[in-house]
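Before any comments, here is the structure.
The values are calculated or read from the model by the stated rules, or taken from the named source; none is laboratory data. Fair warning: this is a prediction, and the values are worked out from it, not measured in the lab. Here the Cβ is made from the backbone with ideal geometry for all residues, glycine too, and neighbour counts use every protein chain on show.
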Amino acid sequence: MDITGAVALVTGANRGLGRRFAAALLERGAAKVYAAARNPDSILSGVRVAEPPARGAASDVAVDLPGVVPLRLDVTDPASIRDAVAAAGDVTLLVNNAGSSTGASLLGGSLEDIRLEMDTHYFGTLAVTRGFAPVLERNGGGAVLNVLSVLSWFTAPRVAAYSAAKSAAWSLTNALRLELAPQKTQVTALHVGYMDTDMAKDVDGPKVDPAVVAGLALDGVEQGRFEVLADDVSRNVRAGLAGDLSGLYPALVS
């Protein structure tokens, strides 16, 4: 898919990787970028909005986004999704980036937090894609980019709810790729480890630049790739899936 001239919609575009996606799309010549968030005020003040903005906090990422179209969208709210579809009927590229990270474990964590992870990463991605699939078909097919994670393939107690939701989103992505193929909509999955964003601010260890990740993911979309593995962590874990589980979880045999 050629991003030059495309009309893109990025969910969770108010900060972190989503904001970098919006900036990178503009740099690559997208004709329009809908930057979606629950609070459109948090995208950028003083630009045209697709609907009256809600009151929200200023963005926590210093990335200028001149020319974007802020759009109110809560991926867990069916009415919000319907409104977004009605407001953005010219979309040719959908970037499902909205996320949550509660830190909930499966046995001790709040069930409300665990449900939020699944509602955001799985049901939210599904609902937004179902809403925009007819739009993409009317506009020639286009593409969907789903932001997944290395934690689609690996888990640990402190990220268990997040990982379970991302694993479900991985399976969802594979199924959507098959279901959307007849309408010529390509589906690309992005897998990446920790990035230098607010969501991972408490994580110690190496983090990749979200601007680099956004660029690699969009390269993958333009090349029609099924998967983009954006860092060594993702590549190593992906390769490890073919081996014995003790390779990924040595604590099980220690």
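A few remarks follow.
- Screening the range 234-243 for residues that are assigned to a loop (DSSP other than H, G, I, E, B) and out of contact with any helix residue (DSSP H, G or I) (no Cβ under 9 Å at 6 or more places or on another chain) and picking the one that is surrounded by the fewest Cβ atoms within 10 Å (Cβ to Cβ) gives A242.
- Residues of the range 110-132 classified as buried (at least 18 other Cβ atoms within 10 Å of the Cβ), among the polar types (S, T, N, Q) and farther than 13 Å from S163 by Cα, total: 2
- Counted residues, the range 31-47 - those being touching a helix residue (DSSP H, G or I) at 6+ places or on another chain (Cβ under 9 Å) and crowded, with 24+ Cβ neighbours inside 10 Å: 6
- The residues of the range 214-233 that are part of a helix (DSSP H, G or I) and modelled with pLDDT of 95 or more, listed by number, are A214, G215, L216, A217, L218, D219, G220, V221, E222, Q223.
- Residues within the range 24-42 that are at pLDDT 95 or above and part of a loop (DSSP other than H, G, I, E, B), tallied: 4
- Qualifying residue in the range 139-154 (condition: without any contact (Cβ under 8 Å) to a residue 40 or more places away in the chain and surrounded by fewer than 21 Cβ atoms within 10 Å (Cβ to Cβ)): no
- Tally of residues being touching a helix residue (DSSP H, G or I) at 6+ places or on another chain (Cβ under 8 Å), within 21 Å of R15 (Cβ to Cβ) and not polar (S, T, N, Q) across the range 75-90: 4
- Close pairs (7 angstrom Cβ cut-off, 6 or more residues apart or separate chains): at negative phi and charged (D, E, K, R) in the range 6-34, in a helix (DSSP H, G or I) and surrounded by fewer than 24 Cβ atoms within 10 Å (Cβ to Cβ) anywhere: R15/D198; R20/A211
- Whichever residue in the range 174-195 is closer than 17 Å to V213 by Cβ and not in a strand (DSSP E or B) and, among such residues, is modelled with the lowest pLDDT: Y194
- Helices (runs of 4 or more DSSP H) (entirely within the range 56-168) containing at least 3 residues that are in contact with a strand residue (DSSP E or B) (Cβ under 7 Å, 6 or more places away or on another chain): 78-87, 125-138
- In the range 4-23, the qualifying residues are those that are part of a helix (DSSP H, G or I) and out of contact with any Asp or Glu (no Cβ under 7 Å at 6 or more places or on another chain), and the one that is surrounded by the fewest Cβ atoms within 10 Å (Cβ to Cβ) is A23.
- Residues in the range 119-126 include none that are within 23 Å of L252 (Cβ to Cβ) and over 13 Å from the mean Cα position of the chain (by Cα).
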